[in-house]
Amino acid sequence: MTTTRTSTQRPADDRGAATPAGSQRSLLDQALRKLREFAELSPAATVPPRISFAEWESLLPAEGSAAGELAVPDAELRRLGDLFRAALHPDGVVTYVVDRNINYSNVCTSICNFCAFYRSPGEEGGYVLSHDEIFRKVEETIELGGSGILMQGGLHPDLPLEWYTSLLRALKTRYRIHLHCFSPTEILGLSEVTGLSARDVLQALKDAGLDSMPAGAARSSSTRSGASAARRWTPANGSRSWRQRTSSRSRRRPR
């Protein structure tokens, strides 16, 4: 089975100075021992062990590693993940969904250095899918046995809320499909465009047929890796960033 590389429980936030290289191995051994004891020796336990931030960090690739290889082999992580599943859900049932990602637009006012997908408003290559194009993609998904759609796009400055709500209503009318759409950043972007509160935007989308919302752009980033990026992609400064950076757009284009 496929397992993710993040814990389901936030590590204890005991960040401090960088861990000396000599103690990195002992931290790794300590973290793995906790995980293995829960997975292998405590099948009746219901709460996974809490590992410290330093222990969690020891599982990641070494800083500056070009290969990006984890300290623990993928096979071991998969084995531990499966043991965790068996300990928490001993009924032996594993479920999954077949869904499709649909990017309805790549037009975005938030300029993220790590994104090669977006186009600034008015830039060549920007697009917005028509409702009919989205319908065709959903129909292709259903024909392949899919049951859900994850739909996301950029922070479009000109699409009204009605564009989104009419799309959701049409999808719910036409198809039996789970609609998992629009990141928190998109919700706040719509709040800026419409002047409505984020709660009112969410309520309108929910009333139109939104079933659930992905957590993209709401995930936390480590101070080391995320601080500079966060200043660029938080929606509160998205439109301002676009106006300030449009003149240098070609230099900042990710490759």
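The values are calculated or read from the model by the stated rules, or taken from the named source; none is laboratory data. The model shown is predicted, which means the values in this text are computed figures rather than measured ones. For neighbour counting, all protein chains shown are included, and Cβ atoms are generated from backbone atoms with ideal geometry for every residue, glycine included.
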Within region 180-191, is there a residue that is part of a strand (DSSP E or B) and either modelled with pLDDT under 95 or under 18 Å from residue 97 (Cβ atoms) (or both)?
yes
Given the criterion among the acidic types (Asp, Glu), surrounded by 11 or more Cβ atoms within 10 Å (Cβ to Cβ) and modelled with pLDDT under 70, identify the matching residue among 76, 57, 40.
40
Which of the residues spanning region 188-208 are more than 15 Å from residue 150 (Cα to Cα), surrounded by 17 or more Cβ atoms within 10 Å (Cβ to Cβ) and of a type outside the set (S, T, N, Q)?
188, 189, 190, 192, 193, 201, 202, 204, 208
Can you tell me which condition residue 201 does not meet? The list is (1) under 23 Å from the mean Cα position of the chain (by Cα); (2) assigned to a loop (DSSP other than H, G, I, E, B); (3) modelled with pLDDT of 95 or more; (4) more than 25 Å from residue 136 (Cα to Cα), and all the others hold.
(2)
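Could you please find all residues in region 143-179 being touching a Cys at 6+ places or on another chain (Cβ under 6 Å) and outside any strand (DSSP E or B)? So that I can check it myself, show each step before the final result.
We begin by selecting, within region 143-179, every residue touching a Cys at 6+ places or on another chain (Cβ under 6 Å); these are 151, 154-155.
Those that are touching a Cys at 6+ places or on another chain (Cβ under 6 Å) and outside any strand (DSSP E or B): 154, 155.
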